[in-house]
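Please read the structure below before turning to the comments.
The values are calculated or read from the model by the stated rules, or taken from the named source; none is laboratory data. Every value quoted in this text rests on a predicted model; they were computed, and no experiment measured them. For neighbour counting, all protein chains shown are included, and Cβ atoms are generated from backbone atoms with ideal geometry for every residue, glycine included. Surface areas here come from the heavy atoms of the whole protein model, side chains and all, with no ligands, DNA or RNA. Shrake-Rupley method; radii C 1.70, N 1.55, O 1.52, S 1.80 Å.
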Amino acid sequence: MTELSLNILDVAENSVKAGAPLTKIVVKANTNENLLTIIIDDNGCGMSEEQVKKVTDPFYTTRTTRKVGLGVPFFKEAAEATGGSFLIVSKQGVGTTVTASFVLNHIDRMPMGDLTATMHTLITMHEEKDFIFTYTVNDNSFTLDTRQLKEILGEISFKEFEVSNYIKDYLKENITSVTGEIII
């Protein structure tokens with residue numbers, strides 16, 4: 001994958017497939033610490049200790065449609081290539097937390113990519129699930145919680161044209177506002 005936002009999409013899709021009713025996605029950049037941290041935390045079915053040990057092996061997958069699983073191994077490699085770290089903590093019946101940290105200004109750090117499109121896709125394509133997205137750059141932060149949107153909208157679908165466009169514009173406006181002039 002060429003952008004971190006695509007790694008986020010891939011891991012969050014794993015959360016959806018794991019039956020997680022709620023997935024929390026945190027993207028936090030701290031320019032003073034030169035650190036970018038991405039956390040994807042779900043309350044899905046979780047993994048056994050054995051699965052956690054194997055999940056970063058590209059030749060291990062639980063999928064029946066193909067014999068390799070490259071998303072998590074690529075995400076891990078992307079973090080570690082910058083001098084960062086990667087950690088998966090999971091418990092069966094409780095959920096999984098993936099934490100990837102990157103040296104922010106490292107030459108090998110992939111660009112963030114289109115975070116707005118990633119979050120918009122997750123929210124609108126999986127409206128039966130809930131997402132809490134928090135985006136922080138230094139002291140500026142923004143959070144979108146789909147449970148609050150559902151409370152306001154009632155039975156109106158996120159896929160409705162006006163609602164979908166509102167969500168996309170809201171994400172873009174707030175991500176841009178939080179980021180300011182800083183390149184992430």
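Is it true that residue 164 is surrounded by 12 or more Cβ atoms within 10 Å (Cβ to Cβ), assigned to a helix (DSSP H, G or I), more than 16 Å from the chain's Cα centre (by Cα) and touching a residue at least 40 places away in the same chain (Cβ under 8 Å)?
Yes: the conditions hold for residue 164.
Collect the residues in the stretch 136-161 that are touching a residue at least 24 places away in the same chain (Cβ under 8 Å) and farther than 24 Å from residue 18 by Cα, keeping them in residue-number order.
136, 137, 138, 140, 141, 142
Which ones in the stretch 63-80 are open to solvent by less than 40 Å² (accessible area, probe 1.4 Å) and either within 19 Å of residue 26 (Cα to Cα) or at pLDDT 95 or above (or both)?
Residues satisfying the conditions are 71, 72, 75, 78, 79.
Examine the stretch 35-42 for a residue that is within 13 Å of residue 132 (Cα to Cα) and surrounded by fewer than 22 Cβ atoms within 10 Å (Cβ to Cβ), and state whether such a residue exists.
yes
Would you mention how many residues in the stretch 82-98 are closer than 14 Å to residue 4 by Cα and open to solvent by 40 Å² or more (accessible area, probe 1.4 Å)?
0
For residues that are touching a helix residue (DSSP H, G or I) at 6+ places or on another chain (Cβ under 6 Å) and open to solvent by 90 Å² or more (accessible area, probe 1.4 Å), tally how many sit in the stretch 167-184.
Number of matching residues: 1.
Return the residues of the stretch 20-40 that are in a loop (DSSP other than H, G, I, E, B) and either closer than 23 Å to residue 138 by Cα or out of contact with any strand residue (DSSP E or B) (no Cβ under 9 Å at 6 or more places or on another chain) (or both); say none if nothing qualifies.
Those that are in a loop (DSSP other than H, G, I, E, B) and either closer than 23 Å to residue 138 by Cα or out of contact with any strand residue (DSSP E or B) (no Cβ under 9 Å at 6 or more places or on another chain) (or both): 31, 32, 33, 34.
Pick from the stretch 1-26 the residues that are of a type in the set (Ser, Thr, Tyr) and closer than 9 Å to residue 113 by Cβ: which of them is farthest from the chain's Cα centre (by Cα)?
2
For the stretch 116-139, how many residues are open to solvent by less than 10 Å² (accessible area, probe 1.4 Å) and hydrophobic (A, V, I, L, M, F, W, C)?
The qualifying residues number 6.
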